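Here the structure comes first, spelled out in structure tokens, and everything after it is commentary.
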Amino acid sequence: ADGNDYYDITSSFEFDTFKEQYPKLNWAYDDATKQLTLLEGKYNLDKDMVIPRLKGLNFDAGVTLVISENKSLLSYSPVNIRGTKEKPVIITSSGTNMPFSTFAILGEDNPGEKTTINWLDISGGNEKWINGMYFSGQFSIHHMDTIINNTLVHGSKSDDGMNIKYSNTIIENSRFFDNIADQVDLDFVKGIVKNSEFVGHSKGIGGDGLDTSGSRVLVKNNEF
């Protein structure tokens, strides 16, 4: 792991200080509920962003976040993607051959904490060592229960299009396609995968549509 990719995680969150670090992004913060929200708009993220432990990191419908090459977003907070069919949340790279590193969520197995993903379109990412941890997917979730619905995960250069570890997870009504190796990798997960589609990359390296290492998963009404 590269020591330059390490960021201190403070126990207290100062919103004004955080806002100064990312002045091009339009944030709202509720100090009473400890909820940080990225408001609707198109933004460019040109440096690593690390979200400390809050009650929630929210993305409003209509957010488009373009992440620069080799940069990442790592959240220690539960994430709520609030996209809609008309206004999905889009996370993508700044160019076809300029993949961002990862959008990663890291929890602590806290009961009641949950990430919910609705109408997300994520593409153009890679994998990353950050803060001493390896995230193998352009979209990675570790130690956090998760519900994913109406989501597109595609066009990654990483080992996994999406990787989830140590989680109770429900995935439904989603598409995973054109990722260079595994479309989805579930490690030590309990959950359900249903009504979804998995399509490999035409020049892929023989990865899996759905890898369920160490998991107990009901796989129902999917297309491979």
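The values are calculated or read from the model by the stated rules, or taken from the named source; none is laboratory data. Keep in mind it's a predicted model, so treat the numbers as computed, not measured. Cβ placement follows ideal geometry from the backbone for every residue including glycine, while neighbour counts extend to all protein chains displayed. What goes into the accessible areas is simple: the full protein's heavy atoms, side chains included, and nothing from ligands, DNA or RNA. Shrake-Rupley method; radii C 1.70, N 1.55, O 1.52, S 1.80 Å.
Structure above, values below:
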read-out	value
Ser12, Ser158, ranked by accessible area, largest first (probe 1.4 Å)	Ser12, Ser158
In the range 43-93, the trypsin sites (Lys or Arg not before Pro) that fall in loop regions by DSSP, at most 15 other Cβ within 10 Å	Lys47, Lys55, Lys85
Label-point gap, in nm, between Asn70 and Glu197 - each point 7 angstrom along Cα→Cβ	3.6
By accessible area with a 1.4 Å probe, ligands and nucleic acids excluded, highest first: order of Met133, Met49	Met133, Met49
Net dipole in debye of the range 64-198 [+1 Lys, Arg Cβ; -1 Asp, Glu Cβ; about Cα centre; nearest 20]	320
Surface per residue (accessible, 1.4 Å probe) for the chain, Å²	47
Correct choice for percent of Cα pairs over 25 Å apart that was computed from the model, options (i) 34; (ii) 56; (iii) 63	(i)
Signed unit charges on C-beta, dipole axis of the range 15-156, positive-most listed residue Gly124, Ser72, Phe135	Gly124
Gaussian network model of the chain, Cα within-10 Å springs - most flexible of Ala104, Ala32, Ala181	Ala32
Chymotrypsin sites (Phe, Trp or Tyr not before Pro) restricted to DSSP loop in the range 1-104 with at most 15 other C-beta within 10 Å	Tyr6, Tyr7
Calculated FRET efficiency for the pair Ser94/Lys55, C-beta based, R₀ 25 Å, to 0.05	0.25
Inter-probe distance in nm under a simple model that places probes 7 Å from Cα toward Cβ, at Phe15 and Asp2	3.3
Student exercise, the range 1-156 dipole from Lys, Arg, Asp, Glu Cβ charges, in Debye to nearest 20	400
The range 42-112: GluC sites (Glu not before Pro) in DSSP loop, at most 10 other beta carbons within 10 Å	Glu86, Glu108
